[in-house]
Amino acid sequence: MLSGIRERDIEAYLVRRVRALGGELRKVRWVGRSGAPDRRVMLKHKAPFWIELKAPGKSISPHQLREHRRMQTLGEWVVTADSFQAIEDLLK
């Protein structure tokens with residue numbers, strides 16, 4: 001783990017930033033489906049998207065990649081973020 005930042009720190013930052021922009025988030029529990037993204041982000045004037053959060057330097061697992069690709073094939077926007085800067089880039 002780089003610089004002591006954990007996945008939950010990245011998630012807390014995402015929540016603060018989206019709420020500060022007047023947006024909404026949903027944390028979803030997937031029944032019978034492993035590998036689905038952590039959160040749904042909804043902002044005015046921006047398409048809603050799913051986000052998978054990781055600790056800095058960590059990557060998604062093969063089963064997560066498969067599930068994300070399934071969702072993307074159906075037109076869903078699925079992204080991964082492992083830093084505060086990645087969150088800022090997504091929210092621009």
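Quick one: is Q64 without any contact (Cβ under 8 Å) to a residue 12 or more places away in the chain and touching a strand residue (DSSP E or B) at 6+ places or on another chain (Cβ under 7 Å)?
Details: without any contact (Cβ under 8 Å) to a residue 12 or more places away in the chain: no; touching a strand residue (DSSP E or B) at 6+ places or on another chain (Cβ under 7 Å): yes.
No; evaluated as a whole, the condition is false for this residue.
Across region 42-61, which residue is surrounded by the fewest Cβ atoms within 10 Å (Cβ to Cβ) among those that are more than 15 Å from R26 (Cβ to Cβ) and in contact with a strand residue (DSSP E or B) (Cβ under 9 Å, 6 or more places away or on another chain)? Checking each candidate, the answer is S59. Scanning region 69-80 for residues that are of a type outside the set (V, I, T) and farther than 16 Å from A47 by Cβ, we see that the one that is surrounded by the most Cβ atoms within 10 Å (Cβ to Cβ) is R70. Within region 59-73, the set of residues being touching a Lys or Arg at 6+ places or on another chain (Cβ under 8 Å) and either under 25 Å from G22 (Cβ atoms) or part of a helix (DSSP H, G or I) (or both) comprises E67 only. Identify all residues within region 22-41 that are without any contact (Cβ under 8 Å) to a residue 24 or more places away in the chain, of a type outside the set (G, A, S) and surrounded by fewer than 16 Cβ atoms within 10 Å (Cβ to Cβ); write none if there are none. Within region 22-41, E24, R26, K27, V28, R29, W30, V31, R40 qualify. Just wondering, is there one or more residues in region 13-21 that are touching a Phe, Trp or Tyr at 6+ places or on another chain (Cβ under 8 Å), surrounded by 13 or more Cβ atoms within 10 Å (Cβ to Cβ) and touching a residue at least 40 places away in the same chain (Cβ under 8 Å)? Yes, there is a match, as at least one residue in region 13-21 is touching a Phe, Trp or Tyr at 6+ places or on another chain (Cβ under 8 Å), surrounded by 13 or more Cβ atoms within 10 Å (Cβ to Cβ) and touching a residue at least 40 places away in the same chain (Cβ under 8 Å).
Condition check ((1) under 28 Å from S3 (Cβ atoms); (2) modelled with pLDDT under 95; (3) over 11 Å from the mean Cα position of the chain (by Cα); (4) in a strand (DSSP E or B)) across all residues:
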position	(1), (2), (3), (4)
R19	yes, no, yes, no
G22	no, no, yes, no
L25	yes, no, no, yes
V41	yes, no, no, yes
W50	yes, no, no, yes
G57	yes, yes, yes, no
G75	no, no, yes, no
V79	yes, no, no, yes
A86	yes, no, no, no
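The values are calculated or read from the model by the stated rules, or taken from the named source; none is laboratory data. Every value quoted in this text rests on a predicted model; they were computed, and no experiment measured them. Ideal geometry is used to build each Cβ from the backbone, glycine not excepted, and the neighbour counts take in all protein chains shown.
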